[in-house]
Amino acid sequence: MLRIPIADLTHHIERALLNLGLTPDSASLSARLTAETDRDGVRTHGIARLPRFAEMVRIGSIDPQATPKLTTSFGALERWTGHRGPGNLAAYAAMSRAIELAKSHGLGAVALGDTTHWQRGGTFGWQAADANLAALCWTNTMPNLPPWGATTPAIGNNPLVLAIPGTQPIVLDMAMSQFSYGTLASYRKRGEQLPFPGGFDDANHLTTDPAAIERTFRALPIGYWKGSGLSFALDVLAAMLSGGRATHQIPPDALQEVGISQIFLAIAPTSLASIQELTSIATGAIDALHAATPIDPANPPRYPGEATLHTREQNLRLGVPVDETQWQRVLDLALSSKL
């Protein structure tokens, strides 16, 4: 494992994106968002996804110069289309617009259709929290999760993000599967078993073997039937509001996972209460969580986002840890000629 200074990491990602056809401004922002994903320890959704992004540009699944556009609006609710451009840029623009609307109306909602993978969903929760706003956002995906009671994938793992601003921001970023497919791949590459059963094997048994779950495409929904139901509801609502594809309309091929639907809701809590009151509520909840008796004193309870802040500080100080093979792929893309 290498440790790369954040500035160097961002620079080389930006060069790679320029070679893939992004405009200078787009490459700069996308590179920052990607580097920050690795900086915060979400190594499955940072530079690890860059080779797939490059291949999708090469085969025409992603238009590297497309930009999102407003198509319909009503009050603080808007529908945008991403034109199948870089997903993290379209999502960032959608959340930026939701933030603008929330600052004017107390609430702001942008439904984004015809877009591509947003990379780390938590990015857009942190984006809102850094602007002192709360957020709720989610995306659908290709069918990669079996509905409860079935053996074939028919719903998506549909990541859901909740963010709460404050001196200690709370940011929850989770998929509808017990383990995301990126996490399964990481465990498999390290030759490790999952800490808890994460899906079914070929014999229809729950297993901790990540390779077996990847092979069957039968990841376990969170909460069993509850996670399955939540995934389905999120998918239908996102497609209805955005005008994009529902999961059953998205090809079950990672290189063709386009036209997806996303929702970005920003909320201004200070429209209803003072900062002091809001801070007191959040601090009290965090203190109560920390006071809970841990099962393992070495691993006390943490609120969502707490570990991220620690990881971020450490990686800014020591350098961002990156896999050597993944780093070489970034360098290769940075040094290659344009497609």
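Every number in this text was worked out from the coordinates using simple rules, so none of it is lab data. This is a predicted model, so every value here is computed, not measured. Don't worry about glycine lacking a Cβ; one is built from the backbone with ideal geometry, like all the others, and counts go over all protein chains shown.
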Which residue, Pro147, Pro68, Pro300, has the most motion in a Gaussian network model of the chain that connects Cα atoms within less than 10 Å? Pro300
From the Cα gyration tensor of segment 15-168, with a ≥ b ≥ c the square roots of its eigenvalues, which class applies: rounded if a/c is under 1.5, or else prolate if a/b is larger than b/c, or else oblate? rounded
I want to check the label-to-label distance for Val236 and Lys103. Put each point 7 Å from Cα in the C-beta direction and report it in nm to one decimal. 3.7 nm
Leaving out same-chain residues fewer than 8 places away, which aspartates and glutamates sit with a Cα under 16 Å from that of Lys69? Glu78, Glu100, Asp114
What's the ranking of 257-270, 321-334 by average number of surrounding C-beta atoms within 10 Å, highest first? 257-270, 321-334
Net charge, Gly243 excluded, C-beta distance under 10 Å - Lys, Arg +1, Asp, Glu -1: +1
Fewest to most Cβ atoms within 10 Å: Arg43, Arg312 sort as Arg312, Arg43
With r as the distance between the Cβ atoms of Trp225 and Ala285 and R0 = 30 Å, compute the FRET efficiency 1/(1 + (r/R0)^6) and round to 0.05. 0.60
If we sort 207-213, 138-144, 171-177, 74-80 on the protection proxy, mean other Cβ atoms within 10 Å, highest first, what's the order? 138-144, 171-177, 207-213, 74-80
Which one, (1) 25, 35, 16, 11, 9, 3, 0; (2) 35, 61, 4; (3) 29, 62, 9, gives P(r) over Cα pairs in 20 Å bins from 0, in percent as derived from the coordinates shown? (3)
Taking r as the C-beta separation of Asp296 and Thr270 and R0 as 41 Å, the FRET efficiency to the nearest 0.05 is 0.60
If each residue of separation counts as 0.36 nm, what is the full-extension length gain between Leu335 and Glu192 once their alpha-carbon separation is subtracted? 48.1 nm
